[in-house]
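The values are calculated or read from the model by the stated rules, or taken from the named source; none is laboratory data. Model, not experiment: these values are computed from the prediction. Glycine also receives a Cβ, built like all others from the backbone with ideal geometry; neighbour counts cover every protein chain displayed.
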Amino acid sequence: MIVIFTGDGKGKTSAALGTALRASGWGYKVAVIQFIKGNKQIGEWQAIQKIDNIDIFQFLNDKKLMIGEPTDAHLDSMTKALAATKAIIESGEYKLIILDEINNAIYHKLVAIDQVISLIKHQPGIDFILTGRKADSKLIDIADTVTEMKKVKHPFDQGKLATKGIDY
């Protein structure tokens, strides 16, 4: 299965992690590879450290909660994240692999869409979840499930900062 959570609404990573929790409950091994994200002071990082069969990987050291303008550090971390994704797939150890914020990395041209497709397409026994805004139409075409989160209202619109435990 290839599942995409996209859109401008909140909840894409949260939905993916909910599925990771479900898979973990069935004893499946899960890998969460966070593209763009590099802040370990976030709730999902803290929680996953306590779950034996879910592993989380980051390749950027960044305290920000939003990407802003992509930098050379982002580009370097994408190279490392893609190499890790390939190794994780080849290990055969994981049933579910979450490529968190991969859609944003593709949109910002930090990762080539064709490279991602060649990594995830035709991988028997492995399910993939891809998160992030602006999912590429090529990914949507090969996905089994695509859910678009639509923002109706958000505290950011009123200038409120991210809330610990809700937004990070």
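Here are the numbers for this structure:
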read-out: Qualifying positions in the range 12-39 - part of a helix (DSSP H, G or I), in contact (Cβ under 8 Å) with a residue 40 or more places away in the chain and not β-branched (Val, Ile, Thr); value: Lys12, Ala15, Ala16, Leu17, Ala20, Ala23
read-out: Residues satisfying the stated conditions in the range 127-141, i.e. touching a residue at least 24 places away in the same chain (Cβ under 8 Å) and over 23 Å from Lys37 (Cα atoms); value: Lys138
read-out: Odd one out for Gly27, checked against (1) out of contact with any Asp or Glu (no Cβ under 9 Å at 6 or more places or on another chain); (2) buried (at least 23 other Cβ atoms within 10 Å of the Cβ); value: (2)
read-out: Segments classed as helices (runs of 4 or more DSSP H), wholly inside the range 98-168, with at least 1 members that are surrounded by 12 or more Cβ atoms within 10 Å (Cβ to Cβ) and of a type in the set (Ser, Thr, Tyr); value: 102-107
read-out: Hey, His108 closer than 20 Å to Gly38 by Cα and either modelled with pLDDT under 95 or touching a His at 6+ places or on another chain (Cβ under 7 Å) (or both) or not; value: yes
read-out: Failed criterion for Ile142 (all others in (1) over 22 Å from Leu17 (Cβ atoms); (2) modelled with pLDDT under 95 hold); value: (2)
read-out: Some residue of the range 66-81 being within 16 Å of the chain's Cα centre (by Cα), of a type in the set (A, V, I, L, M, F, W, C) and within 18 Å of Ser14 (Cα to Cα); value: yes
read-out: Verdict on Ala83 being in contact (Cβ under 8 Å) with a residue 60 or more places away in the chain and among the small types (Gly, Ala, Ser); value: no
read-out: Residue that is modelled with the highest pLDDT [pool: residues in the range 48-81 that are surrounded by fewer than 17 Cβ atoms within 10 Å (Cβ to Cβ) and among the aliphatic types (A, V, I, L, M)]; value: Ile51
